[in-house]
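Written out below as structure tokens is the structure these notes cover.
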Amino acid sequence: MFHIGHLNILEQAKTQCEYLTVGVTTDDLCYERKKKKPIINQEDRIRIVKAIRYVDDAIFQKNMDKLEVVKRYDIDVVFVGSDWKGTEVWNDYEKQFKQCGCDVVYIDHTDGISSTILRNQLNKKGW
């Protein structure tokens, strides 16, 4: 679920690159990873992301093979929230990306907001 934390990451990423391509998780991948159906379908999500002024392009993320995407699109920087910094998964990505000449830049996480927090608030309100 798109929220201000996502917008903050996109805004900060755009200040550090010339062309920003954003990966939008497909409905199938979302369900596979989180066992939850997205509230907003993938077609609407990608339209929303493409309409954001900081975004130059958006592509569907169909699987978790981020290295394949880095290679396919010749990406030289991947931006991700700082809440992932130091995790085993992203330490591995950093090593893999480095071999392709791609850096990882961690952007400060927006405290107090997450899709989980929003979903819980909606559930409490019966929405």
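The values are calculated or read from the model by the stated rules, or taken from the named source; none is laboratory data. These figures come from a predicted structure and were not determined experimentally. Here Cβ is always computed from backbone atoms with ideal geometry, including for glycine, and neighbour counts include all displayed protein chains. For accessibility, only protein heavy atoms count, side chains too; no ligands or nucleic acids. Shrake-Rupley method; radii C 1.70, N 1.55, O 1.52, S 1.80 Å.
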Exercise. Do any residues in the range 107-127 that are touching a residue at least 12 places away in the same chain (Cβ under 8 Å) have Cβ atoms under 6 Å from those of residues that are open to solvent by less than 80 Å² (accessible area, probe 1.4 Å) and assigned to a helix (DSSP H, G or I), where the two are at least six apart or on different chains, and which pairs are they?
Worked result: I107/I9; D108/S82; H109/S82; T110/G5; T110/N8; I113/G5
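Which ones in the range 91-127 are of a type in the set (F, W, Y) and in a helix (DSSP H, G or I)?
Taking the range 91-127 and keeping what is of a type in the set (F, W, Y), we get 93, 97, 106, 127.
Residues satisfying the conditions are Y93, F97.
Does D27 satisfy the criteria of being surrounded by fewer than 17 Cβ atoms within 10 Å (Cβ to Cβ) and modelled with pLDDT of 95 or more? Reasoning before the result, please.
On the way: surrounded by fewer than 17 Cβ atoms within 10 Å (Cβ to Cβ): yes; modelled with pLDDT of 95 or more: yes.
Against the criterion (surrounded by fewer than 17 Cβ atoms within 10 Å (Cβ to Cβ) and modelled with pLDDT of 95 or more), D27 qualifies.
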Problem set entry | Search result, residues across the range 5-35 that are closer than 19 Å to S82 by Cβ and of a type in the set (D, E, K, R) | E11, K14
For this session: Return a yes/no flag: does the range 95-103 have any residue that is modelled with pLDDT of 95 or more, charged (D, E, K, R) and farther than 23 Å from N8 by Cα.
Result: yes
Exercise. Is it the case that the range 83-96 has a residue that's open to solvent by 40 Å² or more (accessible area, probe 1.4 Å), under 13 Å from the mean Cα position of the chain (by Cα) and closer than 26 Å to D28 by Cα?
Worked result: yes
Exercise. Considering only the range 56-73, how many residues are in contact (Cβ under 8 Å) with a residue 40 or more places away in the chain and open to solvent by 50 Å² or more (accessible area, probe 1.4 Å)?
Worked result: 1
